[in-house]
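A.B. asks: Just dropping this structure here.
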Amino acid sequence: MEGYLAWSLVQVGQIVPIRDWAAITPEQHESLAAFRVRFSEFQEHLDKTMRAIAIEEEDPEPFGAVLAFMEKLGILDSTEHWKLIRELRNSVNQEYEENPARLSELFRQLIAETPTLVGIFERIAKYGVKAYGYPKTI
């Protein structure tokens with residue numbers, strides 16, 4: 001997933017910022033849609049992975065406790081930043097193609113937050129190797 005997201009990031013980086021949505025080609029729309037979906041799915045899978053680690057280690061509930069535990073492990077730099085990324089994911093999926101100015105800003109933010117998701121993924125992978133001996137498969 002991370003590799004596909006990285007590929008989409010390069011494609012979308014050539015399109016954003018979007019000044020005229022009417023000038024976007026069908027191929028560019030396809031790239032934007034793929035990036036949105038890949039960002040959203042990657043973020044959601046990281047959510048699930050963090051929950052699985054937390055359950056294995058401590059069984060915390062609610063999810064705020066999972067985020068706090070991930071911060072304690074050094075996987076997240078900030079629970080609040082993670083919540084903002086999740087809000088961004090939700091916003092881009094709810095507002096897609098309805099408000100061109102807002103949508104352009106959301107894609108700019110997705111691009112800016114992609115390295116954060118990749119960094120979290122890499123820290124999760126390192127934790128898996130250290131804690132459970134899982135092979136690093138990135």
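Every number in this text was worked out from the coordinates using simple rules, so none of it is lab data. From a predicted model like this one, the values you see are computed outputs, not experimental measurements. In this analysis, Cβ positions are derived from the backbone assuming ideal geometry, glycine residues included, and neighbour counts consider all displayed protein chains.
A.B. asks: Whole angstrom only: what separates the Cα centroid of the stretch 18-50 from the Cα centroid of the stretch 73-91?
C.D. replies: Going from one Cα centre to the other spans 18 Å.
A.B. asks: Another question, if that's okay. Residues of the stretch 72-110 with amide nitrogen under 20 Å from the 7 Å Cα-to-Cβ point of I24?
C.D. replies: Answer for this model: 87-110.
A.B. asks: Counting only complete DSSP H runs, which helices of the chain cover 18 Å or more along their long axis at the Cα atoms and score a mean Kyte-Doolittle of 0.0 or above?
C.D. replies: Going by DSSP H runs, the hits are 100-132.
A.B. asks: Helix-only mean residue ellipticity at 222 nm, the chain, DSSP H runs n ≥ 4 weighted -39,500 (n - 2.57), per residue, nearest 500. What is it?
C.D. replies: The per-residue figure over the chain is -26000 deg cm²/dmol.
A.B. asks: In addition: Express in nm, to one decimal, how much length is gained between D77 and Q11 on full extension, taking 0.36 nm for each residue of separation and deducting their alpha carbon distance.
C.D. replies: Separation in residues times 0.36 nm, less the Cα-Cα distance, equals 21.0 nm.
A.B. asks: Can you list the aspartates and glutamates whose alpha carbon is less than 17 Å from that of K83, not counting same-chain residues fewer than 8 positions off?
C.D. replies: Hits, sequence-local ones excluded: E41, E44, D47, E61, E71, E113.
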